[in-house]
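S.K.: Just passing along the structure, written as structure tokens.
Each value in this text was obtained by applying a stated rule to the coordinates, not by laboratory testing. Predicted model only: the values in this text are computed from it and were never measured. So basically every Cβ, Gly included, is an ideal-geometry build from the backbone, and we count neighbours across all protein chains shown.
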Amino acid sequence: MSSVLIAGATGLVGRAAVALALSDPRFDRVVALVRSPLPAAPRLELWTGAPDLLSGLRPQRMDAVLIALGTTMRQVGGDRARFRQVDHDLVLGIGRWARALEVPMCGVVSAVGADAGSAFFYNRVKGEMEAGMRALGFPALHLFQPSILTGPRGELRVGERIGIALTTAVAPLLPDRYRPMPHDVLAKALLQAALHPGTGVHVHHHAAIRRLADQNTTG
Ligand SMILES: NC(=O)c1ccc[n+]([C@@H]2O[C@H](COP(=O)([O-])OP(=O)(O)OC[C@H]3O[C@@H](n4cnc5c(N)ncnc54)[C@H](OP(=O)(O)O)[C@@H]3O)[C@@H](O)[C@H]2O)c1
């Protein structure tokens, strides 16, 4: 039996991860770290931190922590510092909390192309976030690097829709790691990693994420 905390639980990936975890008897405790409410569900425990998400964290050790947090440059009005505050600082804040409580496994949704030395701001922030998480020294750290994710999104993201249409059309021609992926495949893979963390740092691209999801036969 395993306990898991999911951050980013109101998002596309996080919501799917919460729903899967709640229907999976291998998880006896499912905590969602949120700043806005999620509909109540049996067995779902909400830790609310608002406006600062980190204020919702409690001194309770989990078996695994999954982070699917992120914003977009559009949501922060093009403000790079605000973007970094979410995609880097908040993720690391949760990582530090988890390490302090000796949580043995952390899984983080990053993005394909994450690279601290990249000329592209988005890839650079993701790369710096990954480097920061590695430096925390989790017994098991799983970094997920999906390309564009498909799934039901309430908000209209025109750029993302165009990206999905283009990458889906040319998917057979793309290197595997740039192919689009359904959001719930990633959620399944996150939970599989939480249940079978192993040790060390694992970086998962498209094919590895699909493999992990396929191994998750109960979630
Ligand atoms: N979508 C893609 O195509 C794609 C592709 C590659 C990588 N990724 C990465 O995958 C991760 C998850 O993506 P997603 O599409 O599932 O994200 P999403 O649907 O946009 O959800 C983002 C989550 O982050 C939370 N969040 C954003 N700003 C916050 C803040 N200031 N304080 C606290 N919480 C905040 C949101 O909470 P609220 O609901 O409270 O705003 C939500 O739970 C992100 O790191 C993203 O960069 C996404």
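S.K.: Hey, what number do you get for the chain at 222 nm if only DSSP H runs of n ≥ 4 count, each worth -39500 (n - 2.57), divided across all residues, to the nearest 500? Write down the numbers at each step before the final one.
M.R.: Working: 7 runs with 78 residues, N = 219.
Estimated from H runs of four or more residues: -11000 deg cm²/dmol.
S.K.: List I209, I6 from most exposed to least, where exposure is judged by having the fewest other Cβ atoms within 10 Å.
M.R.: On the way: I209 25, I6 33.
If I rank by nearby Cβ atoms, fewest first, I get I209, I6.
S.K.: If you don't mind, another one. Hand me the chymotrypsin sites (Phe, Trp or Tyr not before Pro) from the stretch 112-171 located in a DSSP loop with no more than 12 other Cβ atoms within 10 Å, in residue order please.
M.R.: Sites meeting the loop and neighbour criteria: F120.
S.K.: So what is the relative contact order of the stretch 16-146, in percent, for Cα pairs below 8 Å that sit 6 or more residues apart?
M.R.: Values: 197 pairs, mean separation 24.4, N = 131.
Answer for the stretch 16-146 is 19 percent.
S.K.: Among G127, P139, T150, which residue has its Cα furthest toward the positive end of the charge dipole of the chain, with +1 on Lys/Arg Cβ and -1 on Asp/Glu Cβ?
M.R.: Positive-most Cα among the choices belongs to T150.
S.K.: Find me the longest stretch of the chain that has none of the exposed GluC sites (Glu not before Pro), where exposed means in a DSSP loop (not H, G, I, E or B) with at most 12 other Cβ atoms within 10 Å.
M.R.: Numbers: sites that count: E102, E155.
It runs 1-101.
S.K.: Can you pull a Stokes-Einstein diffusion coefficient for the stretch 65-123 at 25 °C (0.890 mPa s), Rh from Kirkwood over Cα pairs, as a whole number of µm²/s? Kindly include the intermediate steps, with their values, before the conclusion.
M.R.: Numbers: Rh = 12.5 Å.
This corresponds to a translational diffusion coefficient of 196 µm²/s.
S.K.: Going by C-beta contacts inside 10 Å, put D115, D52, D63, D184 in order with the fewest on the left.
M.R.: Values: D115 14, D52 11, D63 18, D184 21.
Ordered from fewest to most neighbouring Cβ atoms within 10 Å, D115, D52, D63, D184 come out as D52, D115, D63, D184.
S.K.: Same structure, new question: Would you please classify the overall shape of the stretch 1-140 from the alpha carbon gyration tensor, given that a ≥ b ≥ c denote the square roots of the eigenvalues, rounded means a/c under 1.5, and beyond that prolate means a/b larger than b/c while oblate covers the rest? Write out the running numbers ahead of the final one.
M.R.: Details: a/c = 1.88, a/b = 1.45, b/c = 1.30.
Verdict is prolate for the stretch 1-140.
S.K.: Next question. Compute the relative contact order of the chain as a whole-number percentage, counting only Cα pairs closer than 8 Å that sit 6 or more residues apart in sequence.
M.R.: 19 percent
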